[in-house]
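Trainee: Questions regarding the structure given below will be posed in turn.
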Amino acid sequence: MKTLQKILLTVCALFLLQSCIVSEKPNIDFFADNRHDYNGAKFTSINVPMILAKPYIKKALKESGEDKDILALVKKVSKIKVLTVENGDKAMLREYAQYLNDNNYEDWATIKHDGDNVNVRVKQKGETIKNMLITVNSDKDLVFVDVRGKFTADDISKMINSASDK
């Protein structure tokens, strides 16, 4: 019986960890589309399993002295995808922005932080925001973060204000 429990536990652990895969293929829909050719761009994508990440994120936020509103926002996150692009260009960003506009994403904030541009776009259905896309643009390197969950406009405003205050 103990052997069966160990095997089951191992299979469950592998199942949870398989979702945390680092790949060189894009994990965000626009970039995964084969119609676009980005010469010289190198993609690295990470799918973050929230069941494993939430405790570490909460601990880091508590240690850095973040307020309780930001900690509450972490509880509402259900999925995070991160895509980094080396040697990205302005044309890529323009096409991506057009794709987001065509798919009903609203531009909520653009923040200049340490010489980088941080753009926050959301997809809203009624009062609930189900998807938030954060783009960080610095010269040739780009980072795209796709955050899914159930947020309110107030949640997003608090997150933007927290980032702007620093």
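The values are calculated or read from the model by the stated rules, or taken from the named source; none is laboratory data. Computed from a prediction, not measured in an experiment: that's the story for all the values here. Cβ atoms come from the backbone with ideal geometry, glycine included; neighbour counts cover every protein chain shown.
Trainee: Can you list the strands (runs of 3 or more DSSP E) found entirely within the range 92-166 that contain at least 3 residues being farther than 25 Å from LYS42 by Cβ and either among the aliphatic types (A, V, I, L, M) or touching a residue at least 40 places away in the same chain (Cβ under 8 Å) (or both)?
Mentor: Answer list for the range 92-166: 106-113, 141-151.
Trainee: Quick one: which of LYS25, LYS125, LYS79 is among the basic types (Lys, Arg) and at pLDDT below 80?
Mentor: LYS25
Trainee: Looking only at the range 143-156, how many residues end up being surrounded by 14 or more Cβ atoms within 10 Å (Cβ to Cβ) and either under 18 Å from LEU71 (Cβ atoms) or at pLDDT below 85 (or both)?
Mentor: Matching residues across the range 143-156 total 6.
Trainee: Another question, then. May I ask you to list the residues in the range 65-112 that are within 12 Å of ASN137 (Cβ to Cβ), among the charged types (D, E, K, R) and surrounded by 12 or more Cβ atoms within 10 Å (Cβ to Cβ)?
Mentor: ASP89 - this is the single residue of the range 65-112 that is within 12 Å of ASN137 (Cβ to Cβ), among the charged types (D, E, K, R) and surrounded by 12 or more Cβ atoms within 10 Å (Cβ to Cβ).
Trainee: Do we find that ASN39 is surrounded by 12 or more Cβ atoms within 10 Å (Cβ to Cβ), of a type in the set (S, T, N, Q) and at pLDDT 65 or above in this structure?
Mentor: no
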